[in-house]
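S.K.: The following block contains the structure, expressed as structure tokens.
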Amino acid sequence: MQKKLILGSSSPYRKALLERLRIPFECHSPNIDESPFTLESAVDLVKRLSIAKAHAVHLERQQNKQGSGDIIITSDQVAVLNDKILGKPHTEENAINQLSSFSGQKVSFLTGLCVFSQQDQSYQYILSEYHVHFRALTTKEIAKYVSLEQPLDCAGSFKCEGLGVCLFEKMEGDDPNSLIGLPLISLSRMLKELGVNPIG
């Protein structure tokens, strides 16, 4: 029986990324509390939430008698500046404040990726790190950028696949897709290990 892919996310950005692999999939949004624990590190947070999302989707599908042999893909991302975890801004004011604090700074983006096999309830997990060096930004540039692109649902308050590149000095990392929310290089390898190869 063909294994079905389930993207455990409601993110349109992750959906668009997964579509690039040209493998049919369904979306199933996990229902979990994403609040960080007290003193929880960014590394621990993205790992815990990525795995928790996969388990939540698995349990919901199991209760509905869906896909005992399917593969669930989940991910979580945070931005980190000076050891402080930064989430989605949700408002223009928060986005402007976030980007103002990024001016001239190096910001790290940690993306956890979990690939969960419903067949034996095992999972693979990786952490992808990506670093963005922001150039010195003016208040006017920041306000105009936020007004134009409205990156209110993006960790870090920008869209690197859009106008957000105008904010950067340089980027560092193994997979630029991880900055958008889904490390496709690692995901392709993990899926291949489960017998799903987009070009096989």
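The values are calculated or read from the model by the stated rules, or taken from the named source; none is laboratory data. Predicted model, so just to flag it, every value in this text is computed and none were measured. Note that we place each Cβ from the backbone using ideal geometry, even for glycine, and neighbour counts take in every protein chain shown.
S.K.: Go through THR91, THR74 for me and flag whichever is in contact with a Gly (Cβ under 6 Å, 6 or more places away or on another chain), among the hydroxyl-bearing types (Ser, Thr, Tyr) and touching a residue at least 12 places away in the same chain (Cβ under 8 Å). Full working, then the answer.
M.R.: Working: THR91 fails: in contact with a Gly (Cβ under 6 Å, 6 or more places away or on another chain).
Selected residue: THR74, the only one of THR91, THR74 that is in contact with a Gly (Cβ under 6 Å, 6 or more places away or on another chain), among the hydroxyl-bearing types (Ser, Thr, Tyr) and touching a residue at least 12 places away in the same chain (Cβ under 8 Å).
S.K.: Okay, moving on. Hey, among ARG20, ARG61, which residue is closer than 27 Å to GLY173 by Cα and touching a residue at least 24 places away in the same chain (Cβ under 8 Å)? So that I can check it myself, show each step before the final result.
M.R.: On the way: ARG61 fails: closer than 27 Å to GLY173 by Cα.
The unique qualifying residue is ARG20.
S.K.: Return yes when ARG135 is at pLDDT below 95 and either out of contact with any helix residue (DSSP H, G or I) (no Cβ under 6 Å at 6 or more places or on another chain) or surrounded by 15 or more Cβ atoms within 10 Å (Cβ to Cβ) (or both) and no when it is not. Outline the logic, then answer.
M.R.: On the way: at pLDDT below 95: no; either out of contact with any helix residue (DSSP H, G or I) (no Cβ under 6 Å at 6 or more places or on another chain) or surrounded by 15 or more Cβ atoms within 10 Å (Cβ to Cβ) (or both): yes.
Judged against the criteria, ARG135 is not a match.
S.K.: Continuing with the same structure: Going by what's in this entry, would LYS65 be described as modelled with pLDDT under 95, within 20 Å of GLU26 (Cα to Cα) and of a type in the set (D, E, K, R)? Working first, answer last.
M.R.: Numbers: modelled with pLDDT under 95: yes; within 20 Å of GLU26 (Cα to Cα): yes; of a type in the set (D, E, K, R): yes.
Yes, satisfied.
S.K.: I would also like to ask the following. Six or more apart or on different chains, Cβ under 8 Å: which pairs go from a residue in the range 140-168 that's closer than 17 Å to HIS90 by Cβ to one that's among the aliphatic types (A, V, I, L, M) and not in a helix (DSSP H, G or I)? Could you list them?
M.R.: Between residues of the range 140-168 that are closer than 17 Å to HIS90 by Cβ and residues that are among the aliphatic types (A, V, I, L, M) and not in a helix (DSSP H, G or I), the close pairs are ALA155/VAL78; ALA155/ALA79; ALA155/LEU86; GLY156/ALA79; GLY156/LEU86; GLY156/VAL107; GLY156/VAL132.
S.K.: While we're looking at this one, here's another question. Among the numbered conditions (1) at pLDDT 95 or above; (2) under 14 Å from the mean Cα position of the chain (by Cα); (3) under 18 Å from ASN82 (Cβ atoms), tell me where LYS106 comes up short.
M.R.: Here LYS106 meets the rest and fails (2).
S.K.: For the range 120-132, which positions are surrounded by 13 or more Cβ atoms within 10 Å (Cβ to Cβ) and either outside any strand (DSSP E or B) or charged (D, E, K, R) (or both)? Steps first, answer last, please.
M.R.: Filtering the range 120-132 down to residues surrounded by 13 or more Cβ atoms within 10 Å (Cβ to Cβ) leaves 123-132.
Within the range 120-132, GLU129 is the sole residue that qualifies.
S.K.: Take the residues in the range 165-200 that are exposed (fewer than 14 other Cβ atoms within 10 Å of the Cβ), on the phi < 0 side of the Ramachandran plot and assigned to a loop (DSSP other than H, G, I, E, B); name whichever of them is modelled with the highest pLDDT.
M.R.: Per the criteria, the residue is ASP174.
S.K.: Could you count how many residues in the range 23-40 are touching a residue at least 12 places away in the same chain (Cβ under 8 Å), surrounded by 12 or more Cβ atoms within 10 Å (Cβ to Cβ) and over 15 Å from HIS55 (Cα atoms)?
M.R.: From the range 23-40, those touching a residue at least 12 places away in the same chain (Cβ under 8 Å) are 23-32, 34, 36; that's our starting set.
Of the ones still in play, those that are also surrounded by 12 or more Cβ atoms within 10 Å (Cβ to Cβ) are 23, 25-30, 32, 34, 36.
Then drop every residue that is not over 15 Å from HIS55 (Cα atoms), which leaves 23, 25-26, 36.
Qualifying residue count, the range 23-40: 4.
S.K.: Is the range 50-58 home to any residue that is without any contact (Cβ under 8 Å) to a residue 24 or more places away in the chain and of a type outside the set (Gly, Ala, Ser)?
M.R.: Taking every residue of the range 50-58 in turn, none turns out to be without any contact (Cβ under 8 Å) to a residue 24 or more places away in the chain and of a type outside the set (Gly, Ala, Ser).
S.K.: Here is a list: LYS47, LYS88. Which entry is out of contact with any helix residue (DSSP H, G or I) (no Cβ under 8 Å at 6 or more places or on another chain) and part of a loop (DSSP other than H, G, I, E, B)? First the steps, then the outcome.
M.R.: Numbers: LYS47 fails: part of a loop (DSSP other than H, G, I, E, B).
Just one listed residue meets the conditions, LYS88.
S.K.: Also, I was wondering about something else. Only one of ALA136, ALA155 is under 30 Å from HIS58 (Cβ atoms) and outside any helix (DSSP H, G or I). Can you tell me which?
M.R.: Details: ALA136 fails: under 30 Å from HIS58 (Cβ atoms).
Matching residue, one of ALA136, ALA155: ALA155.
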